Amino acid sequence: MSFRIGSAWRPLAAAALGLALTGCVIAPVGPGPGGYDDGPVVEVAPPPPRYEVRPLPPGPGYVWIGGYWTWQLGRHVWIGGRWAMPPSPGRAWVPGYWYRSGPGWRWRDGYWRRR
């Protein structure tokens, strides 16, 4: 005899399992200061940035976008740096950063700004 969960209960069971496996409380909130849509609040401080050796740029005009820690599946995961071409001339990269938010930490994405 096999145990089957009815199709109506599957989304609820998946949500409960996902919540149980996170291992950390996150609290989604609205846009942060300045109207940016920042990431969720996480209770675990990000590790210090990793040292990265920059390879040579693939061509003229490329800008280095440094690596950063992101929050995935209940833990911090390092995303390595990369070279990128600005979306249009006269743009500069503003790196993302972690900041304190109440009892936890939030990530604000980097973006291209006009010079």
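The numbers here are math on the coordinates, done by the rules we state, and not lab data. Computed from a predicted structure; not experimentally measured. Counting neighbours? That spans all protein chains shown, and the Cβs are built from the backbone with ideal geometry, glycine included.
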Quiz item: Dipole magnitude of the stretch 44-115 about its Cα centre, charges +1 at Lys/Arg Cβ and -1 at Asp/Glu Cβ only, in debye to the nearest 20?
Solution: 220
Quiz item: Stretched out fully, how many nm does the piece from Glu43 to Val63 gain, at 0.36 nm a residue minus the Cα gap?
Solution: 4.0 nm
Exercise. Choose one of Pro49, Thr70, Met85: the residue whose Cα lies farthest towards the positive end of the charge dipole of the stretch 30-115 (beta-carbon charges +1 Lys, Arg; -1 Asp, Glu; about the Cα centre).
Key: Met85
Quiz item: Under a plain spin-label model, where a point goes 7 Å from the Cα along Cα-to-Cβ, how far apart in nm are Arg54 and Trp78?
Solution: 1.8
Exercise. Grab the other residues whose beta carbon is less than 15 angstrom from that of Gly66, score K and R as +1, D and E as -1, and report the net.
Key: +2
Quiz item: Taking the Cβ of Trp93 as the center, what net charge do the other residues with Cβ under 13 Å away carry, scoring Lys and Arg +1 and Asp and Glu -1?
Solution: +4
Practice problem: Report the equivalent ellipsoid semi-axes for the stretch 30-115 in whole Å, largest first, defined as the square roots of five times the eigenvalues of the gyration tensor built from alpha carbon atoms. | Solution: 26, 18, 8
